[in-house]
Every structure is written in structure tokens, then in C-alpha cells.
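Note sheet for the following structure.
The values are calculated or read from the model by the stated rules, or taken from the named source; none is laboratory data. Owing to the predicted nature of the structure, the values given are computational and were not obtained by experimental measurement. Note that each Cβ is placed from the backbone with ideal geometry, even for glycine, and that neighbours are counted across all protein chains shown. When the accessible area is computed, the model is the full protein with side chains, heavy atoms only, and any ligands, DNA or RNA have been set aside. Shrake-Rupley method; radii C 1.70, N 1.55, O 1.52, S 1.80 Å.
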Amino acid sequence: TLQAQAFKVSEQYLHSSVTSPEYPMILAKLISEALQVLPNAEAVEASLNEHDAVRQALAQLGRTLDVRVNEQVKTGVRLVGPGGKSSIQNTLTGRLDRVRGELAPQISRLLAE
């Protein structure tokens, strides 16, 4: 359906954003938000191809965290607490998934017009 295509295009756009020069600033915001929930995080996990942007984001925030590879975390980060007992994930695609139900009726209405 057209609605499914709209979400697919949105996801593709979010995945392509990881190569933009602004991506470290986006990650800084995602990390900062996650740190509000898990302020004692000891590590940040992200896809390997996002590690440079993660390091730049951490530098912008004045934070030093262990940066680990987690290929299941794309378009954002997962912060891990001491001993790995707690974590929080904050990704762009995760945000899209969370609002999908809210956006679906609006997208359907726009497509009908």
C-alpha cells in the first residue's frame, strides 16, 4: 500500500542520514536524552559504521564512554549501565516505530486527498 511505502521511504531516509555531516549532532542529542534516563552509563553501543559519529557526539558532550559494536543498534545508540545490568536504546528508527500507529491515520488521510 501507499502507506507502507511512505514508512519504507522514511526508514530509508533515516538509514541514509548516518552519513550526513549533521549526524554527530543528532547522535549527541540522542545520547544526551538517554543519559537523562541512565546517567551512570559506562558504555555506548552502536553499529560499527556509526562509531566515528558516536565518538564525535561524545566529544561534543564532553563525555568519555566505552564505545562498543552492536550491529543491531542502527540510526542511534544503546547506553549500557554498570555491569551491563541496565540499558536504554535511543534510535531514529525506534522513534519512527513508536509513532507509526499515531501517524498511520494521518498518512492515510493525506494519501486519500
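A few points about this structure:
- Annotation: lysines with alpha-carbon distance below 30 angstrom to K8 (same-chain offsets under eight excluded): K29, K74.
- Rounded to the nearest 500, the helix-only mean residue ellipticity at 222 nm of the chain stands at -18000 deg cm²/dmol, with each DSSP H run of n ≥ 4 adding -39,500 (n - 2.57).
- Dipole in debye (nearest 20) - the range 1-89, about Cα centre, beta carbon charges: Lys, Arg +1; Asp, Glu -1: 120
- Put simply, the amide H of V73, placed in the peptide plane, has neighbours under 5 Å in S47, leaving out anything fewer than 5 places away on its chain.
- Whole-Å distance, taken between Cα centres, linking the range 68-96 and the range 1-65: 9
- Accessible area of I88 in the full protein assembly, 1.4 Å probe (Å², nearest 10): 40
- Among beta bridges that DSSP assigns inside the chain, antiparallel share in %, nearest 5: 65
- Diffusion constant of the range 1-87 at 20 °C, which comes from Stokes-Einstein with the Kirkwood Cα-pair radius and 1.002 mPa s, µm²/s: 159
- Dipole of the chain [Lys/Arg +1, Asp/Glu -1 at C-beta], most positive-end residue of L103, A57, S47: L103
- For the range 17-112, relative contact order (Cα pairs under 8 Å, six or more residues apart, normalised by length) works out to 29 percent.
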